[in-house]
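Working notes, beginning with the structure itself.
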Amino acid sequence: MTTILVTGGTGTLGRLVTERLRAAGHEVRVISRHSEPYAVDLREGGSGLDTALAGVETVVHCATTQRGGDERSAANLIAAAKRAGVAHLVYISIVGVDRVPLGYYRSKLAAEKLVEESGLGWTVLRATQFHDLVVQMLQALAKLPVALLPGHVSDQPVEVAEVADRLAELAAGPPAGRVPDMGGPQVRTFESLARAYLDATGRRRAVVNVPLAGKTYRALREGGHLAPEHAVGKGTFEEYLAARFGGGRDGRRG
Ligand SMILES: NC(=O)c1ccc[n+]([C@@H]2O[C@H](COP(=O)([O-])OP(=O)(O)OC[C@H]3O[C@@H](n4cnc5c(N)ncnc54)[C@H](OP(=O)(O)O)[C@@H]3O)[C@@H](O)[C@H]2O)c1
């Protein structure tokens, strides 16, 4: 049994990682801004972080603040982990953080670098978008009467439960450095993902592909966020939709 700290252990991924590690018999602590008794804002660090890390051997860093600060959070976590004598830091990152010039991706890449140069034993796994995130994006796009999609952009969504399996496996093993990327089973155009989503949720929307300008769009169009050579995920987008919204028009759960 190992004492493991999961940062962001209440989030989409972190919750599943926590469940798996506990089921495997590890003592697992969870940090997030709101999870007692280790409610810590990683961007601020502080004594709460040292308390949470006392006696911890492995850290799985899943916390993320979309609005910014992930680099600062990683720096605070690493400094505290070194003080606490942590042996292994596992970090989840995103395929293409070095190719797609989004601000969020830049901060993930900077955090990766901090992890790699921390002097701690480390493992970094990059994954493609979770099905949940793709649905969240499509829900937002489908609010308009016409769903405007980024033209000629594909995605390769992966089942978050499978990413959690892999992270839990990596956390239970020795530091492995940068491990092979984890992509979903299919590279799909946004249009085909949108049509599957609309069908599964019974929404009728016209779908229009809109060509966009700029470096980020070009990187996405060129597939900088995809890992077709690592299409190791098993669960398809349709399977996810069926589990979440029901199997057919009459069995829809909303
Ligand atoms: N979603 C994807 O498609 C995807 C794909 C590949 C990789 N990833 C990576 O996987 C990781 C987890 O993503 P997710 O989608 O599971 O995230 P999520 O659902 O948004 O969960 C974020 C977690 O971090 C905690 N948190 C946020 N800000 C914090 C702060 N300042 N200090 C401490 N805890 C904080 C949140 O809890 P509180 O609100 O209570 O603080 C929550 O537990 C991220 O690193 C993300 O980049 C995600």
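Which loop GluC sites (Glu not before Pro) in the stretch 100-132, with loop taken from DSSP, have no more than 12 other Cβ atoms within 10 angstrom of their Cβ?
Sites meeting the loop and neighbour criteria: GLU117.
With a probe of 1.4 Å, find how much accessible area the chain has per residue, and write the answer as a whole number in Å².
Each residue of the chain exposes 47 Å² on average to a 1.4 Å probe.
Considering only DSSP beta bridges with both partners in the chain, what is the antiparallel share in %, to the nearest 5?
That works out to approximately 5 percent antiparallel.
Calculate the radius of gyration of the Cα atoms of the stretch 3-251 to one decimal place, then report Dmax, the largest Cα-Cα distance, as a whole number, both in Å.
18.9, 57
In whole Å, what is the distance between the alpha-carbon centres of the stretch 40-64 and the stretch 156-182?
20
Relative to the present Cα-Cα distance, how much length would full extension add between LYS82 and ARG204 at 0.36 nm per residue of separation? Working shown, then result.
On the way: separation 122, 0.36 × 122 = 43.92 nm, distance 5.36 nm.
In short, 38.6 nm is gained.
Rounded to the nearest angstrom and ordered from largest down, what semi-axes does the equivalent ellipsoid of the stretch 106-254 get from its C-alpha gyration tensor (root of 5λ)?
Each semi-axis is √(5λ); the values are 31, 20, 12 Å.
When we measure straight from the Cα of LYS82, which lysines land under 25 angstrom away, once same-chain ones fewer than 8 places off are left out?
Cross-link targets: LYS108, LYS113.
I'd like the FRET efficiency for ARG22 and LEU148, computed as 1/(1 + (r/R0)^6) with the beta carbon distance as r and R0 of 51 Å, rounded to 0.05.
Details: r = 43 Å, r/R0 = 0.83.
Calculated transfer efficiency: 0.75.
Carbon and sulfur together cover what percent of the accessible area of the chain at a 1.4 Å probe radius?
52
First select every other residue whose beta carbon is under 14 angstrom from the beta carbon of ALA194; then total the charges, Lys and Arg +1, Asp and Glu -1.
Values: positive: LYS143, ARG188, ARG195, ARG203, ARG204, ARG205; negative: ASP155, GLU191, ASP199, GLU238.
Result for the local shell: +2.
Report the gain in length on full extension from ASP50 to TYR104: 0.36 nm times residue separation, minus Cα-Cα distance, nm rounded to one decimal.
Once the chain is fully extended between ASP50 and TYR104, it gains 16.8 nm.
Each residue of the stretch 60-74 in turn: what ³J(HN,Hα) in whole Hz from Karplus with 6.51, -1.76, 1.60 and θ = phi - 60°, glycine and Pro shown as x?
Once rounded to whole Hz, the list reads 10, 9, 10, 5, 8, 10, 4, 7, x, x, 5, 5, 5, 4, 5.
The values are calculated or read from the model by the stated rules, or taken from the named source; none is laboratory data. Keep in mind that this is a model prediction, so the values were computed, not measured. Don't worry about glycine lacking a Cβ; one is built from the backbone with ideal geometry, like all the others, and counts go over all protein chains shown. Calculation scope for accessible area: heavy atoms of the full protein, side chains included, ligands and nucleic acids excluded. Shrake-Rupley method; radii C 1.70, N 1.55, O 1.52, S 1.80 Å.
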